[in-house]
Structures are given as C-alpha cells and as structure tokens.
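To start, the structure under review is shown below, and the notes come after it.
The values are calculated or read from the model by the stated rules, or taken from the named source; none is laboratory data. Since the structure is predicted, the reported quantities are computational estimates derived from the model, not experimental observations. Virtual Cβ from ideal backbone geometry, glycine too; neighbours counted across all protein chains shown. Accessible surface areas use protein heavy atoms only, side chains included; no ligands, DNA or RNA. Shrake-Rupley method; radii C 1.70, N 1.55, O 1.52, S 1.80 Å.
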Amino acid sequence: MSRAFIPPAQHGMKILNRDAFKKTVSTLAMRVQAKRVGSLMKKLQSELLNQPRLRNVVNGDDDTKLILLRNDLTEEDIPKLPEDIKSIIEQENLGFEQYSMDLDYSYWTADQILHAVIPADDTPASYTQIGHIAHMNLKEEFYPWKQIVGQVILDKNKNITTVVNKTNNIDTTFRFFQMEVLAGENDMIAQVKESGCRFKFDFSKVYWNSRLHTEHDRLIQMFKKDEYICDVFAGVGPFALPAAKKGSIVYANDLNPNSYEWLNENVKLNKITKGIHTYNLDGREFIRKAVQDLQATSNDWKTFDHFVMNLPATAIEFLDTFHGLYHDQKTQYDASSSAKLPMIHCHCFTRSSEPANDIIERASQVIGAPIDRATSIAHNVRNVAPNKEMYCLSFRLTPEVAFATR
C-alpha cells in the first residue's frame, strides 16, 4: 500500500504562507502500451499509486502510457512481489522510470496542512456548519494558530465564507455564546434547511445546533395533524415550524427577544399562515399562559398533546410548573370521557453511570411526585463531552401532579 504523501512541516508558522507547502514527490512508473492500460489497471489495482486526487495513469508518448505504482516500491522490489503480479509486470513493462509530481497548497487537505503547522497529534480541523458559517470550538492550546486554522478551513471549503470560534460557555438565559471571527466575512446571518423548512437567523444572537437535526425529526414525527404542541424553549423554530407545517397547532415561545424575532421571521419565510402562536415570555410564565389561552378557546376540556422542553442545561428545573397546573380545570377534565393529559418531552444533561435512573429521579423531585418508570422513556440524544450525555425524558403528566393544590 502506498504511503500517504504529506506536506513539509512548518511548525514555526504563525501567519499562513501558502507557498511554504510546495513539495515535489516521485514514484516508480512502468511504461506500457496505451491499448493495454484498461486491462492492466484492474490486474494491478493493489500495486497502483492510489493517492487522493492524483491519477494512476499519465501520458507517455503517442503509443504508451505510464502506470504509476506504489510510492514505496523500487525496481529492486519487483521480484519480491506475488508471482501473478510479478508475471504481469514482466510481460507488459516497456521500462521503469521515476515519475515526479509538483504538489502545492491546493493539493493538501485542511487536516494535512494543520498537522504540518501544529506540533500535536490532534488537530482542530473539525467544525459544525451553519449555512455559510463554520463554527469551531478550539481548545486553548490551539489559540496560537487560530488565525491559520480559520484561514485553512476557509480555503478548503468553497461553501464556507465565515469561520468563527466560540469564546465562552453558552448563556443559559438567552442561549447564545460569544464568538470571534477567525477568517472570512463578518456575516452572522445564516440560512439553513432542515425538516422541510428554511430557517434564517443571526447566529451570534440565537441558539442553533445542526447536530440536533435527528432529535428534531424524531419528535416531529411523533406529532400528528391537529394535535396541540407547546414548545416552551422554541428558539428560531426547529420543532415549531415543521410541526405547524404538517398540520399541528403550535404554541411556541422563547425568552430571547432575538430568537422570538427570528421565529416570527421564519414563520413568514415558510409561508405558514395558520396553526402557530408565538410568545416572548419566561418559560414558567409561558406554560401557564399557553394552557390558559388554549383552554379559553373551548368550554370543554382542551389542552396540549405534547410539551417540548429543549433547554438541556435547565429545562428539568421548569417541571415544577406542572405541579397543580390544571388545578382549576379539574371540572372540565372529569366531565370529558376522552380527556387525557399531555406528554412532556424534557431535554437534560447527565453525567451519571445510570442516566435513566438519574434523570427520572431528578425530574420526580422537581415535579413533586414519582414519574412512572414503566411508561417513561429516557432517550439518549447525543454525547456532548466526555462523561456528559444529552437525554430526552418523555413521560405523561399524571392527574396526581396536574390537579394537585398549587
């Protein structure tokens, strides 16, 4: 197998110099009749150069071509090859020669360039893409090279025009974080597509995580047409808009005024003209207000089918709002033969070795009564950091909690 070509090391570099990554490489080539190339390529597949973005065959003269062989082979190695391969080479080869190639900055990948610049086994080439923005979360040890990192990511990804780095922890109140532009335009207005909807927002002022698209879809698929959905921490609408678009009736809220503004903008952008009501309130206040507003539309029992609480850092603390939430609606509930209480989907973080037990116990303490383990589901959403997982606890609100004395 060929050894991977690597760029020249530039460990002292602090300002990107693209010319410093020029390198001439060579490999053993065998000259063959041009008409035999197709057949020989299949037979010699394991012995070819096989390097990314480089051809295994180059022009020779009018009647011949050069087949480039593994770059760890020399003419002295040919007799040591397996008999079938050696026999083919002996029969078809019109002569060996060294073939040279000039590689430059444009050839190398971002990871290869950063490995050449940063003297560490690990390199910061990973990022999350939000529209035209590459969002990085650099470790402090890589800060001396952060401008180079940003420029390399920008150079190597044609659909990225802005590279940013997170500079502090997420704000737990308004759910955004400070960031700095490492390379490219200072343009934070991103546009993304997800779950059949378009979303536009200022990434520097609201929360968006593209890694949660699977979780968004998972819950959205649960929601049915004409069901009532209460999205307590809606952000710019990744749950609310697709749910409304499929025919659910959605009450969506976010405390961050910028998120609320972009939520409303995205309602217009997706041409959703009915089935969505937006609020800009504290989570507890919104839960109470939304329940009252919905019940006010009917003299009979009427409430939400699902509550979504996607604020994993603190959402579990808001479960106390459900204790006695429907105390004043007990008469309507008892009078209805089809009344049912809502499902609650509460996102949270856990570091426990027994995450389901940890989450259920914490939620039970906050809500004021044991959550039924038999009917609750603790779904692992994703790994956030070493020994830190994001979960979604789904459970049905019980009459014991819903109609308790406040």
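Look through GLN98, GLN151 and report the one residue that is of a type in the set (S, T, N, Q) and either closer than 24 Å to ARG55 by Cα or over 25 Å from the mean Cα position of the chain (by Cα) (or both).
On the way: GLN151 fails: either closer than 24 Å to ARG55 by Cα or over 25 Å from the mean Cα position of the chain (by Cα) (or both).
Checking each option against the conditions leaves just GLN98.
Applying the selection to the range 88-109, what residues are of a type in the set (Ser, Thr, Tyr) and open to solvent by 40 Å² or more (accessible area, probe 1.4 Å)? If you could, list the steps in order and put the result at the bottom.
Of all residues in the range 88-109, those of a type in the set (Ser, Thr, Tyr) come to 99-100, 105-107, 109.
Across the range 88-109, the qualifying residues are TYR99, SER100, SER106, THR109.
Can you tell me which of (1) open to solvent by less than 30 Å² (accessible area, probe 1.4 Å); (2) in a helix (DSSP H, G or I); (3) of a type outside the set (D, E, K, R) is the one ALA356 doesn't meet?
(1)
State all residues of the range 359-388 that are within 19 Å of LEU219 (Cβ to Cβ), in a strand (DSSP E or B) and open to solvent by less than 80 Å² (accessible area, probe 1.4 Å); if no residue qualifies, say none.
Answer for the range 359-388, where residues must be within 19 Å of LEU219 (Cβ to Cβ), in a strand (DSSP E or B) and open to solvent by less than 80 Å² (accessible area, probe 1.4 Å): ALA378, HIS379, ASN380, VAL381, ARG382, VAL384.
When ALA125 is evaluated against the numbered criteria (1) touching a Leu at 6+ places or on another chain (Cβ under 6 Å); (2) open to solvent by less than 20 Å² (accessible area, probe 1.4 Å); (3) under 30 Å from THR27 (Cβ atoms), which criterion, by number, is the only one it fails?
It fails just one condition, (2).
Scan PHE286, PHE239 and give me the residue that is aromatic (Phe, Trp, Tyr), buried (at least 22 other Cβ atoms within 10 Å of the Cβ) and more than 22 Å from SER210 (Cβ to Cβ).
Selected residue: PHE286, the only one of PHE286, PHE239 that is aromatic (Phe, Trp, Tyr), buried (at least 22 other Cβ atoms within 10 Å of the Cβ) and more than 22 Å from SER210 (Cβ to Cβ).
Mind listing just one residue for me: the one in the range 5-40 that is surrounded by fewer than 19 Cβ atoms within 10 Å (Cβ to Cβ), in contact (Cβ under 8 Å) with a residue 12 or more places away in the chain and of a type in the set (S, T, N, Q) and, of those, nearest to LEU103 (Cα to Cα)?
Here the answer is THR24.
Go through the range 58-84 and give me each residue that's aliphatic (A, V, I, L, M) and over 46 Å from the mean Cα position of the chain (by Cα).
ILE78
Given the condition assigned to a strand (DSSP E or B), buried (at least 17 other Cβ atoms within 10 Å of the Cβ) and in contact (Cβ under 8 Å) with a residue 40 or more places away in the chain, answer yes or no: does some residue in the range 314-327 qualify? Write out each step before concluding.
Quick first cut of the range 314-327, residues assigned to a strand (DSSP E or B) only: none.
No, there is no match, as no residue in the range 314-327 is assigned to a strand (DSSP E or B), buried (at least 17 other Cβ atoms within 10 Å of the Cβ) and in contact (Cβ under 8 Å) with a residue 40 or more places away in the chain.
On the basis of being at pLDDT 95 or above, more than 15 Å from PHE307 (Cβ to Cβ) and open to solvent by 20 Å² or more (accessible area, probe 1.4 Å), does LYS271 make the cut? Steps first, please.
Values: at pLDDT 95 or above: yes; more than 15 Å from PHE307 (Cβ to Cβ): yes; open to solvent by 20 Å² or more (accessible area, probe 1.4 Å): yes.
Answer is yes for this residue.
Identify all residues within the range 50-69 that are under 22 Å from GLU83 (Cβ atoms), out of contact with any helix residue (DSSP H, G or I) (no Cβ under 6 Å at 6 or more places or on another chain) and open to solvent by less than 50 Å² (accessible area, probe 1.4 Å); write none if there are none.
ILE67
Can you find a residue in the range 180-194 that is in a helix (DSSP H, G or I), at pLDDT 95 or above, open to solvent by less than 20 Å² (accessible area, probe 1.4 Å) and more than 30 Å from GLN221 (Cα to Cα)? So that I can check it myself, show each step before the final result.
Restricting attention to the range 180-194, the residues satisfying the condition of being in a helix (DSSP H, G or I) are none.
No, the range 180-194 contains no residue that is in a helix (DSSP H, G or I), at pLDDT 95 or above, open to solvent by less than 20 Å² (accessible area, probe 1.4 Å) and more than 30 Å from GLN221 (Cα to Cα).
Answer yes or no: is there a residue in the range 102-115 that is without any contact (Cβ under 8 Å) to a residue 60 or more places away in the chain and of a type in the set (Gly, Ala, Ser).
Yes - at least one qualifying residue is present in the range 102-115.
Take the conditions open to solvent by 40 Å² or more (accessible area, probe 1.4 Å), at pLDDT below 95 and closer than 30 Å to GLU389 by Cβ and apply them to ALA335. Does it pass?
no
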